[in-house]
Every structure is written in C-alpha cells, then in structure tokens.
Amino acid sequence: MKKGRRVFTGAFKAQVAIAALKERETLAELSKRFDLHPQMITKWKQEFVERSSEIFETRAPQESFEAEKERLFSKIGQLEMERDWLKKISKRAGL
C-alpha cells in the first residue's frame, strides 16, 4: 500500500534547521529523531541560512501593528466627537 506524501509546516522545518545548525546531534541522529531523510535536513538547513537575511529586511509586524492601533484610536476619538456633536444638535432641534 502506498503512503501519502507528507506535508511539513514552516515551523517544523525551522525547528529541524535550527537543530541542525546547533550541531549537537549528528545528521543521522537528527534524521532518526525527526523521521526525515538526511538530505532533506541538509536542504532545509541550507535554505534557512540563505533566507535568514529576509527576516531583518522586512518591517517587524509589531511596528505596523502599533501604527495601525494609533490610527484606529484617533479615528475612534474623531467619531466619538462627531457623535457627541450630533447628540447636542439633535437636543437643540428637539428631536
């Protein structure tokens, strides 16, 4: 019976690559521990090293989150002021 192709998450690949970079275990031990072919571990390790610079080139999500949060808080303040003004006007008009 044929087994299906396994799909690995990015987090798992990173975990394996980091374990390989630490070099606390041999490639054979890592392949046995993670149930992977040693060539796959080597490939993921190489890709991890090559693409590690991308982490520092992109903007951190926390910075964009803070900017978005500030924009939304200012919008909330503006809408609250408009609502209060409309309440005040409607009272004057007797509505």
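Coordinate-derived values only; no laboratory data. These numbers come from a predicted model, not from an experiment. Ideal geometry is used to build each Cβ from the backbone, glycine not excepted, and the neighbour counts take in all protein chains shown.
L30 satisfies every condition listed in (1) surrounded by fewer than 10 Cβ atoms within 10 Å (Cβ to Cβ); (2) under 24 Å from T9 (Cβ atoms); (3) of a type in the set (A, V, I, L, M) except (1). Within the option set T9, T26, T42, being among the hydroxyl-bearing types (S, T, Y) and within 18 Å of the chain's Cα centre (by Cα) holds for one residue only, T9. In the range 69-95, the residues that are exposed (fewer than 10 other Cβ atoms within 10 Å of the Cβ) never reach a residue that is part of a helix (DSSP H, G or I) and not polar (S, T, N, Q) with C-beta atoms less than 8 angstrom apart, at least six apart or across chains.
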